[in-house]
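Q: Following this message is one structure expressed as structure tokens.
Read-outs: derived from the displayed coordinates by stated rules, not from any lab. The structure displayed is predicted, hence computed values, not measured ones. Cβ atoms come from the backbone with ideal geometry, glycine included; neighbour counts cover every protein chain shown.
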Amino acid sequence: MTRSHLNYVVADTTKWEQQAAYILDTHPAVESFAKNAGLGFAVPYIHNGQPHDYVPDFIVRPNSDRTAHLILETKGFDDLAEVKAAAAARWVAAVNADGRFGTWTYAMARNVDNVRLVLDRIP
């Protein structure tokens, strides 16, 4: 890995996240990234009246802006995908409104090819 301070990605899938990590590590729009495993970064949400924590897959810093961060989720099928995406959108809006922690965006890639498309849209 050349764009991560870590030399391995702790993947939760057989191939999906490894492929996404390769794309992140080689895409010209990415300055750095980390697999969000054991970092303690989670987005709180409520589902069926119970609190939960959503732990997105990657945190990416684009080349275009050192204060920008992209939360990237690689998601196949998940019954709660839309609930988690809505929670992430609320979190991003709140953090951006505060303004002290840079600018954040969120994207969910439903297949490996979408990871590259998400990164291609970074200004």
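Q: If you take the alpha carbon radius of gyration of segment 16-120 and divide it by 2.2 N^0.38 Å, what ratio comes out, to two decimals? Don't skip to the end; give the middle numbers.
A: On the way: Rg = 13.5 Å, N = 105, 2.2 N^0.38 = 12.9 Å.
In units of the globular-protein estimate, segment 16-120 measures up at 1.05.
Q: Suppose we keep just the DSSP beta bridges with both residues in the chain; what percent of those would be antiparallel, to 5?
A: In the chain, DSSP labels about 65 percent of beta bridges as antiparallel.
Q: With only Lys, Arg, Asp and Glu charged, each at its Cβ (+1 for the first two, -1 for the last two), find how big the charge dipole of the chain is about the Cα centre; round to the nearest 20 debye.
A: 240 debye
Q: If packing is taken as the mean number of other Cβ atoms within 10 Å per residue, what is the order of 54-61, 33-40, highest first?
A: Descending packing order for the listed peptides: 54-61, 33-40.
Q: If you plug each phi of segment 50-57 into the Karplus form 6.51 cos²θ - 1.76 cosθ + 1.60 with θ = phi - 60°, what whole-Hz ³J(HN,Hα) values come out, in order, with x for Gly and Pro?
A: Values, residue by residue: 10, x, 9, 10, 9, 10, x, 6 Hz.
Q: Any idea how far apart A94 and K15 come out in nm if each label point goes 7 Å out from Cα toward Cβ?
A: Label-label distance for A94 and K15, simple model: 3.8 nm.
Q: Could I ask something else about it? Would you kindly state how much longer the chain becomes between R121 and F77 on full extension, computed as 0.36 nm times their sequence separation minus their alpha carbon distance, in nm to one decimal?
A: So the chain would gain 13.5 nm between R121 and F77.
Q: State, to one decimal in nm, how far the label point of L39 lies from the label point of S64, with both points 7 Å from Cα in the Cβ direction.
A: Each label point lies 7 Å from its Cα, and together they span 1.9 nm.
Q: Okay, moving on. Under the rule of at least 5 residues apart or a separate chain, name every residue whose amide H is placed under 5 Å from the amide H of S32.
A: R61
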